[in-house]
Amino acid sequence: MVKFHYKCTDCGKEYKRDEVRYLCPLCEKSYKPGIPLKGVLETVFDYEEIHKNFKKEAPDWTLFSAVEKEYYPPFAVGNTPFIKVDRLGQQLGFSNLWVKNDGLNPSGSLKDRASFLLVAEANRLHENIVVTASTGNAASALAAVCASAGKQAVIFVPAAAPKAKLVQIILSGAKIIPIKGTYDDAFDFSLEYTKVRQGLNRNTAYHPLTIEGKKTVGLEIFAQNGFKIPDVIVVPVGDGVIISGVWKAFHDLKMARLIQEMPRIICIQAEKSNAIHNYIVSGQYKNAENPDTIADSISVSVPSNAHMARRAVLATNGFSLTVSDEELLDGQALLARTTGIFAEPTAAAVVAGLSKIAEKKLVAKDKQIALLVTGHGLKDIDAPLTRIKMPAAIEPKLEALDKL
């Protein structure tokens, strides 16, 4: 049996595994829609046991898992490529640049990791319905994992979510409910739904295992990097759960005395969806007033895990930058041209951010930098199509070709 307990990131109160399901009951009382979640729970493991039993020559990653392996759904999540990208590095002036390409997960995004663990937890609890709110990727992931496990996914999405993601959700058999409003509206409504109706709620940060699922990307980077930590990890940030998961991976490794230092974690946000960036820079939290960006997966007014995300950056001596929609598209094109990796605009934020890091000389050129690419470009082709002009057809004759 997995040995862990939950600890409230606000008040510090500790809870046994099945004593609480979502947020700290004490701190949740002060939560209301329109602010980041209060009472987000952190999973605390028996780190001495991990230290004693973890062997690099035959690593048992289930030691870091908050759900037993017997409950895992039949879904091949993770083990995505971690590759050195010299041409992109040369373009931006870095000699040791790497990409963790999580767009190659089964549903096309890093969100498969959280959905995998939540469905495993649903198996353990004998819950047949799993609910979430999403702009698309978390919903696609949950729909796919639920399909593999024979469970019903109930998905609340903003009506403006990209069609490619909606198609994935519907084909996987999920019950999809478009909401007239934003992601934040869908998030709040999904909480109301599970409180009044039924199901296990998978909303990011609201369920602590979403953070635990996403931390596996950090554990993989550590293993694929020869059991060494990169100097810097650059992360696209929306609601703050992925960046918190990356921090949690290396925090757990450090607590288990498997590493001594933490990588610097750098936050990249879209200019208009910048609540966490402003919080990191100013120390004062304020909602993003108009999070209208082509990077739909990080478009959020009220980031659910703002407090933990800020801690992840500051505790690792990291920093935060914002990028415009034009810079996102520039980054998407540069990544594709130099590496062959087609990333959705959200995921390309790390390349756009790295361009600014190079320009401002914020990281030494010889440091090992890992870019976290979180979603495949086929998730949203409408954004790059605004820049692409398709060539006209010609007759299949050489003279016609010569006229081009």
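Within region 294-307, the set of residues being among the aliphatic types (A, V, I, L, M), in contact (Cβ under 8 Å) with a residue 60 or more places away in the chain and either surrounded by fewer than 24 Cβ atoms within 10 Å (Cβ to Cβ) or closer than 20 Å to Ser140 by Cα (or both) comprises Ile294, Ile298, Val300, Val302.
For region 26-48, a residue qualifies if it is within 24 Å of the chain's Cα centre (by Cα) and not in a loop (DSSP other than H, G, I, E, B), and the qualifying residues are Glu28, Leu41, Glu42, Thr43, Val44, Phe45.
Just to be sure, is Met390 of a type in the set (A, V, I, L, M, F, W, C) and at pLDDT 95 or above? No: the conditions fail for Met390.
From the list Lys195, Lys151, Lys180, the lone residue that is of a type in the set (D, E, K, R), in contact with a helix residue (DSSP H, G or I) (Cβ under 9 Å, 6 or more places away or on another chain) and either surrounded by 19 or more Cβ atoms within 10 Å (Cβ to Cβ) or modelled with pLDDT under 95 (or both) is Lys151. Counting only helices (runs of 4 or more DSSP H) wholly contained in region 305-392, the ones carrying 1 or more residues that are touching a Cys at 6+ places or on another chain (Cβ under 8 Å) occupy 306-315. Of the residues making up region 49-73, not one is among the basic types (Lys, Arg), closer than 21 Å to Trp247 by Cα and part of a helix (DSSP H, G or I). Going residue by residue through region 269-288, is there one that turns out to be of a type in the set (A, V, I, L, M), assigned to a strand (DSSP E or B) and either touching a strand residue (DSSP E or B) at 6+ places or on another chain (Cβ under 7 Å) or over 23 Å from Val232 (Cα atoms) (or both)? Checked region 269-288: at least one residue is of a type in the set (A, V, I, L, M), assigned to a strand (DSSP E or B) and either touching a strand residue (DSSP E or B) at 6+ places or on another chain (Cβ under 7 Å) or over 23 Å from Val232 (Cα atoms) (or both).
Asp86 falls short on exactly one of the conditions (1) free of Cβ contacts under 8 Å to residues at least 60 places away in the same chain; (2) surrounded by 14 or more Cβ atoms within 10 Å (Cβ to Cβ); (3) under 30 Å from Thr194 (Cα atoms), and that condition is (3).
Scanning region 326-380 for residues that are closer than 14 Å to Ile266 by Cα, among the basic types (Lys, Arg) and either touching a helix residue (DSSP H, G or I) at 6+ places or on another chain (Cβ under 6 Å) or in contact (Cβ under 8 Å) with a residue 60 or more places away in the chain (or both) turns up just one, Lys367. Residues that are under 30 Å from His51 (Cα atoms), touching a residue at least 40 places away in the same chain (Cβ under 8 Å) and either over 17 Å from the mean Cα position of the chain (by Cα) or not in a helix (DSSP H, G or I) (or both) within region 236-268 comprise Gly240, Asp252, Met255, Ala256, Arg257, Leu258, Met262, Pro263, Arg264, Ile265, Ile266, Cys267, listed in sequence order.
Can you pull out the residues in region 74-111 that are part of a strand (DSSP E or B) and of a type in the set (Phe, Trp, Tyr)? Selection gives Phe82, Trp98.
A search for C-beta distances below 6 Å between a residue of region 24-42 that is without any contact (Cβ under 8 Å) to a residue 40 or more places away in the chain and any residue that is of a type in the set (Ser, Thr, Tyr) and assigned to a loop (DSSP other than H, G, I, E, B), counting only pairs 6+ apart in sequence or on different chains, returns Lys38/Ser30; Lys38/Tyr31. Number of residues in region 285-297 that are within 16 Å of Val157 (Cβ to Cβ) and at pLDDT 85 or above: the value is 1.
Cβ-Cβ distances below 9 Å connect the following pairs, each with a first residue in region 381-393 that is closer than 22 Å to Lys163 by Cβ, a second residue that is at pLDDT below 85 and surrounded by 10 or more Cβ atoms within 10 Å (Cβ to Cβ), and a separation of six or more residues or different chains: Ile381/Pro162; Ile381/Ala164; Asp382/Pro162; Asp382/Lys163; Asp382/Ala164; Ala383/Pro162; Ala383/Ala295; Ala383/Asp296. Could you tell me whether any residue of region 80-95 is more than 22 Å from the chain's Cα centre (by Cα) and on the phi > 0 side of the Ramachandran plot? Yes, that holds for at least one residue. Screening Arg311 against (1) within 15 Å of Val235 (Cβ to Cβ); (2) touching a residue at least 60 places away in the same chain (Cβ under 8 Å); (3) crowded, with 24+ Cβ neighbours inside 10 Å leaves a single unmet condition, (3). Among the residues making up region 255-293, none is of a type in the set (Lys, Arg) and buried (at least 23 other Cβ atoms within 10 Å of the Cβ). Number of residues in region 393-404 that are assigned to a loop (DSSP other than H, G, I, E, B) and of a type outside the set (A, V, I, L, M, F, W, C): the value is 4. Could you identify the single residue in Gln332, Gln368 that is over 29 Å from Pro33 (Cα atoms) and crowded, with 22+ Cβ neighbours inside 10 Å? Within the list Gln332, Gln368, the selection yields Gln332.
The values are calculated or read from the model by the stated rules, or taken from the named source; none is laboratory data. Keep in mind that what you see is a predicted model, and the values were worked out from it rather than measured. For neighbour counting, all protein chains shown are included, and Cβ atoms are generated from backbone atoms with ideal geometry for every residue, glycine included.
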